[in-house]
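Bear in mind these aren't lab numbers, they're just calculated from the coordinates by the rules spelled out. If you're wondering where the values come from, they're calculated on a predicted model, not measured in any experiment. Cβ atoms come from the backbone with ideal geometry, glycine included; neighbour counts cover every protein chain shown.
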């Protein structure tokens with residue numbers, strides 16, 4: 001219902017965050033990000049791209065950078081959304097490959113001698129959470 005006064009949204013122009021304009025229809029987690037052509041895809045396309053890039057062996061951090069997402073966890077969420085839209089047989093294959101990638105990563109982390117035991121444990125817990133997200137909604 002209109003009050004007769006223009007809202008701040010109408011007078012201030014597009015929302016701004018950190019000096020960067022957030023485009024209309026921007027993914028909620030992209031606030032403050034400068035959008036590039038890789039980021040201009042629809043959220044579904046972006047999710048599919050995350051899945052494709054992960055299947056190519058890219059890290060979640062690298063996927064996030066390429067897609068303009070704030071963090072690797074956002075890329076992991078995009079991957080999981082795309083995974084869940086696949087046919088069941090394909091989901092099983094994708095989950096198996098991702099679980100194998102995460103198991104290999106966990107093994108590499110456990111073998112690292114350049115970080116202390118507490119940091120190894122923290123990283124392994126993070127990897128286990130990623131693995132759990134493969135199987136939960």
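Shape call for region 52-107 from the C-alpha gyration tensor, a ≥ b ≥ c root eigenvalues: rounded (a/c under 1.5), prolate (a/b greater than b/c) or oblate? In terms of gyration-tensor shape, oblate. For region 42-135, the relative contact order comes to 23 percent (Cα pairs under 8 Å, sequence separation of at least 6). Per-residue packing, averaged as other Cβ atoms within 10 Å, sorts the ranges 117-124, 63-70 into the order 63-70, 117-124, beginning with the highest. Taken over the alpha carbons of region 42-135 as equal point scatterers, the Debye sum produces base-10 log I(q)/I(0) values at 0.21, 0.24 Å⁻¹ of -1.04, -1.25. The overall shape of region 98-137 is oblate: from the C-alpha gyration tensor, with semi-axes ordered a ≥ b ≥ c, the ratio a/c is 1.5 or greater and a/b is no larger than b/c.
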